[in-house]
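Worksheet: one structure, shown below.
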Amino acid sequence: MATPGTSIQPLHGSYLTPAYENARVHDAMRVGVFTCPPETSLRDVARMMASYHVHCVVVTDMDPEGESERPWGVVSDLDLVRASGPDAADRTAGDTAATELVTVAADDTLAHAAQLMIEHDTSHLLVVRRDTERPVGVLSSMDIAGVLAWGEA
């Protein structure tokens with residue numbers, strides 16, 4: 001337990017973290033995306049979140065040509081809690097994904113990402129490469145908080 005007045009810097013942050021005003025999405029995002037198909041059971045989505053300590057799973061389906069997965073929704077931790085009623089055993093990722101899928105480019109400013117979160121009332125953004133729209137990570141409101149807390153002043 002930390003003593004009041006002391007600071008413990010999280011593993012994700014470092015002395016190289018830029019100030020919020022200068023930060024880009026790639027400075028704060030978590031690399032990698034946990035995905036599942038729409039027919040994945042809610043229990044399996046919960047296991048993914050609990051096992052990997054993540055707060056959202058991106059729901060994907062195959063593109064019309066059947067060549068690659070494309071993201072279309074997000075099951076957030078709050079979506080999971082909302083769906084945890086008596087019929088939870090019958091629910092799937094596809095019918096639980098209530099969080100809007102909002103994307104942001106990895107090289108966008110963190111301020112722009114924060115604005116997107118506010119506008120879309122979401123705490124998670126799917127981070128994509130600007131040139132290919134390929135998902136490369138997830139940015140959460142806690143990642144932004146880390147830059148606010150640990151970024152160079």
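For the chain, what does -39500 (n - 2.57) per DSSP helix run (n ≥ 4), summed and divided by total residues, give at 222 nm, in deg cm²/dmol to the nearest 500?
-8000 deg cm²/dmol
Residues whose amide H comes within less than 5 Å of that of Val128, counting only those at least five positions distant or on another chain, are Val104, Ala105, Ala106, Val136 (H built at 1.01 Å from N in the peptide plane). Taken per residue, the accessible surface of the chain reaches 61 Å², heavy atoms only and a 1.4 Å probe. State the Cα centre-to-centre distance between the range 33-75 and the range 91-153 in whole Å. What the calculation gives is 16 Å, centre to centre.
With a 1.4 Å probe and all protein chains kept in place, how do Tyr20, Tyr52 rank by accessible area, largest first? Could you put the intermediate results ahead of the total?
Details: Tyr20 55, Tyr52 135 Å².
The most accessible residue leads, giving Tyr52, Tyr20.
On the protein heavy atoms, probe 1.4 angstrom, tell me the percent of accessible surface of the chain carried by carbon and sulfur.
Working: 5030 of 9260 Å².
Summing carbon and sulfur atoms, their accessible area is 54 percent of the total for the chain.
Assuming 0.890 mPa s and 25 °C, estimate D for the chain with Stokes-Einstein, Rh taken as the Kirkwood radius over Cα pairs, in µm²/s. Roughly 149 µm²/s, to the nearest whole number. Accessible area per residue was computed with a 1.4 Å probe on protein heavy atoms; Met62 scores about 100 Å². In percent, rounded to a whole number, the relative contact order of the chain is 32, using alpha-carbon pairs under 8 Å and six or more apart.
Within the range 96-139, the proportion of Cα pairs with more than 14 Å between them is 42 percent.
Give me the compactness ratio for the range 33-100, meaning the Cα radius of gyration over 2.2 N^0.38 Å. Intermediate results must be reported in sequence, preceding the final value.
Details: Rg = 11.5 Å, N = 68, 2.2 N^0.38 = 10.9 Å.
With N residues counted in the range 33-100, Rg over 2.2 N^0.38 Å equals 1.06.
The candidates Leu139, Leu80, Leu148, arranged from most to least accessible area with a 1.4 Å probe in the full protein assembly, appear as Leu148, Leu80, Leu139. Around the amide H of Gly73, modelled in the peptide plane, lie the amide H atoms of Val59, all under 5 Å away and 5 or more residues distant in sequence or on another chain.
The values are calculated or read from the model by the stated rules, or taken from the named source; none is laboratory data. These numbers come from a predicted model, not from an experiment. All accessible areas refer to the heavy atoms of the entire protein, side chains included, with ligands and DNA or RNA removed. Shrake-Rupley method; radii C 1.70, N 1.55, O 1.52, S 1.80 Å.
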